[in-house]
1. May I ask for the Rg/Rh ratio of segment A:75-142, computed from Cα atoms with Rh as the Kirkwood radius, given to two decimals?
2. Excluding A:MET199 itself, what net charge comes from residues whose Cβ is under 14 Å from its Cβ, given Lys and Arg +1 and Asp and Glu -1?
3. Let me know the mean shielding of A:125-135 by other chains, meaning the per-residue number of their Cβ atoms within 10 Å of its Cβ.
4. Give the residue from A:LEU52, A:ALA98, A:THR19 lying farthest towards the positive end of the charge dipole for segment A:1-100; charges sit on Cβ (+1 for Lys and Arg, -1 for Asp and Glu) and the dipole is referred to the Cα centre.
5. Mind checking the mean number of beta-carbon atoms from other chains within 10 Å of the Cβ atoms in A:49-60?
6. Within segment A:124-187, which GluC sites (Glu not before Pro) sit in a loop by DSSP and count at most 14 neighbouring Cβ atoms inside 10 Å?
7. Looking at segment B:63-216, what % of the alpha carbon pairs are farther apart than 28 Å?
8. Quantify how strongly other chains surround peptide B:477-484 by giving the mean number of their Cβ atoms within 10 Å of each of its Cβ atoms.
Amino acid sequence: MPETRGLDCTLKASYPDFTLDVSFSVKRGELACIIGPSGCGKTTTLQLLSGLIKPGNGSSITLEGADILHLPTEQRQVALVFQDYALFPQMTVEDNIAYPMKLRKIPKMERTRKVSALLDLVSLPGFQKRKPGQLSGGERQRVALARALASEPKLLLLDEPLSALDTKLRKHLREEIRRIHDETGVTMLYVTHDQNEAMAIADSIIVMNHGSIEQIASPEELYAHPKTLFAATFMGEGNTLPYSIITQTLASEGNDYVVFSPKSGEQTIFFRPEQVTLQSDALLPLPEFLPHLEFKDATLASCVFQGSFYQLVYHWNEYQIMAISDRRPKGRTATLGVRLLDIHQFLDGQAVML
Amino acid sequence: MANTHGKTKTAELAWMGIPAFLLLAFLFLVPLCATLAKAFTDGEGHLSLSTLRTTFSQPYTLRVLGFTLRQALYSTLASTAIGLPGAYLLANYRFPGKKIVTAVATVPFVLPSILVVLGFVIFYGNNGILNRALMVLFHTDEPPLHILYSLRAIILAHAFYNFPVIMNLVSTYWEQMDRHPEQAALTLGASRGTVFRTITLPRLLPALFSASTLVFLFCYNSFAIILVLGGGPVYTTMETEIYRKARMSLDGPGAAALALMSLIVTITLLVIYLALQKRLKTQEEYTHSVVQQQPTSPLGKTLIILYSVLTAVFVLGPIISVVARSFTMTASRSAPSQWSLVWYRQLFGIIAGKDNMKSAWIALQNSLSIAVVVALATIPASLSLAAAAKGKGWLPSSLELLGMLPMAVSSVIIGLGYYFIARHIHTKGYLLVVLAHLVIVIPFALRSVIPEARKIPIQYVAAARTLGASRLYTFWTIEAPLLKNSLITGAMFAFALSLGELNATLTLSDSTIVTLPIVMYQLIGSYNYQGACALGTILIIASLLVFLLTEGLKGNRHA
């Protein structure tokens, strides 16, 4: 089924202090997010895809079944929305959006009509005659998006498109981008360092670190089943503790539950705050027969009201454990419980199946 | 080039520099080589080192070189002494009329030096306006100031011409300097004087040295001012000596040898200047958060008023005198002068001119035609070089260097090269003048265009390309329109420079070639100051128009 083929790529690039080596696919019509800390190679990936930098040996890019690796940027049909928008300052909004259409020799009438349709799409009707200098950050962002869409790309790349905007606008615009994606059906690859943004809009998330991919999965899958410790900690809050804690805290009948045979290497366990039960406050504390960890006499270090819940930090021995609760905890100390089922184990950062 | 992964593709337009490269190589390197080759011949045209040996060891040459350096040093010190207080005021205070002071200070910079000399003579001369005013003021019959035709006159004229350079460059740098170190020093208990001495001045030094080196270079290469104010063999510099040797003594090889010597000095100076410029860029991180305040102390207010008034008198006095004098005539030596339009009627060919004024009308037409041709020619040349010089790497930067190189070579030396060529190919006429002017003005046009080209974010190009535009199409539709203003500015500067060009024109041309500055020089030489002032007024108007138009374009920058 060639019509469902989107992007398939293997990208390699080497710099003196940085090597990029990634391989991934994006289905046609999908919105994929690349996420990772700054310097992980996100922007390099986009520049390689758009042909703005030369790829290293062994790279390959196919888009909708066609090999585009050796095509110059202008022939790839890969549009890029820049972090700072890169609107042409001397042109009006209309001329900016019409620019790619002029290149494709679309007649003037048609162009005018399409510009107006695109401006409607990005919720900026009537902005044709403005200059980029007269627009706010959010408006520039929308114009940049409209201009990119005007080139009718097979793949639309967005390089941290919302990073220069304030939080509220960011939330609103990411919904807008998702809506525009759904309306146009264009294949999108969206780069961000904000995991909330990625989780909110992506069909699939590509987690990158140090120039390679940690995991590719749907947001839900990624959150519930991180393949690496990095993916686990990058996607939301969590507690990372040494493996040795298990022997000290394992609470189960007969205490003979074999968790994991220790191997050489750094072993860690990881669990999310919402998986921690306040044993003393809970209506139904975790029962003996359900294998779980118990952190007895943990002391409350901080309690931050977040509206719908309280964010708690407990100290247990020399460790910190984050938890959440829908009520303010009663005492300064508590016994914390975590089901063994909810614990992820990592050996040298890689997930180990229980 | 085994590993080129991840390199950004920026140097793609280097080939666009080829036409400009060929043009410059042909127009600049050929005459320069003609001059340098001449230095290695003897009087009969045989290959020989004897000319160089005699020239370099002659006590007279060494004295000329010594005087050139000495006058340039004094002039630089004088320019700095006048310019630095202005830089302080401009960088630190807001005050009414500040814009006017800046504008007035830019005026000498855009005026041709022959005009500066004329204004100087009219204003400061024994019979000049300043002396006459003082004579009325102090009821004497003797002019109290005897400035002209001395080293003092040369230095004063140079200071008038160059103090704005110091003032503008230093104040721009100063304005953008982060004030936190000064504030920190104040909070640590340093007095304002100590802060200036220990914090501000050391931070300013690179800018000050850089500006001074530039002024030194200008004064070293000064020609018209020395030619008119120096007068005799006592006050002669390398440039005037090159001209004199080539055109008066008809000693081509000797002039070429002097040119070689002079080149070595100026290139050394230029290398120093460029090194300082580089340090300037890396040393300070610019901030634009300085809040300038109105002066509060009476001393500050007095200083500002004093400086503004002196600048106005010092700078505008000579210029206004030129314009005023152009509308007067004197029937005979002893008769009082009266208002008259006679010089303009001669200049515009309404009535036949006498003596040197005969050729004024033709000179005006010639000069305007030459300047228009030169200005138009700089546009494609600088666009081509700007496109090529945008990228990184050895090719773009060497192209830029080639474009700037004619600045390192004085216009007298460029004129000398064309003079030698003209004698070989027996071409007379205005083509050579146009070509020589073009070489001289291109660096100035580039100085307007290349920084603007560098400012265009690489993302614009990348964006256009991801939208489907080829590199060349991107250049025409995105970059060239963004460069439009700087190209026009560059062309207008070229126009003004060409219109006032005397040095190269005088050196290369024979008596059949007349331009406004040449006729002005002849008129000054025959003491017809009023006629010279009429021609000078035309130059003033042209320079003023160019200045106003370029200032107008400045406000029209993109966001």
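1. Details: Rg = 11.8 Å, Rh = 12.5 Å.
That ratio is 0.94, to two decimals.
2. Numbers: positive: A:ARG170, A:LYS171, A:ARG174, A:ARG178, A:ARG272; negative: A:GLU175, A:ASP194, A:GLU197, A:ASP203, A:GLU220, A:GLU221, A:GLU237.
My count for the surroundings of A:MET199 gives -2.
3. Working: counts 0, 0, 0, 0, 0, 0, 2, 2, 3, 1, 1.
The per-residue average across the peptide is 1.
4. The residue sitting most towards the positive pole is A:THR19.
5. Values: counts 1, 4, 4, 9, 7, 6, 2, 4, 2, 0, 1, 0.
What the average comes to for A:49-60 is 3.
6. Working: sites: A:GLU139, A:GLU175, A:GLU176, A:GLU183; in loops: none.
Counting only loop positions with at most 14 other Cβ atoms within 10 Å, none of the GluC sites (Glu not before Pro) in segment A:124-187 qualifies.
7. 35 percent
8. The shielding value for this peptide is 3.
Bear in mind that the values in this text are calculations on the coordinates, not laboratory data. These numbers were taken from a predicted model, which means no experiment stands behind them. Counting neighbours? That spans all protein chains shown, and the Cβs are built from the backbone with ideal geometry, glycine included.
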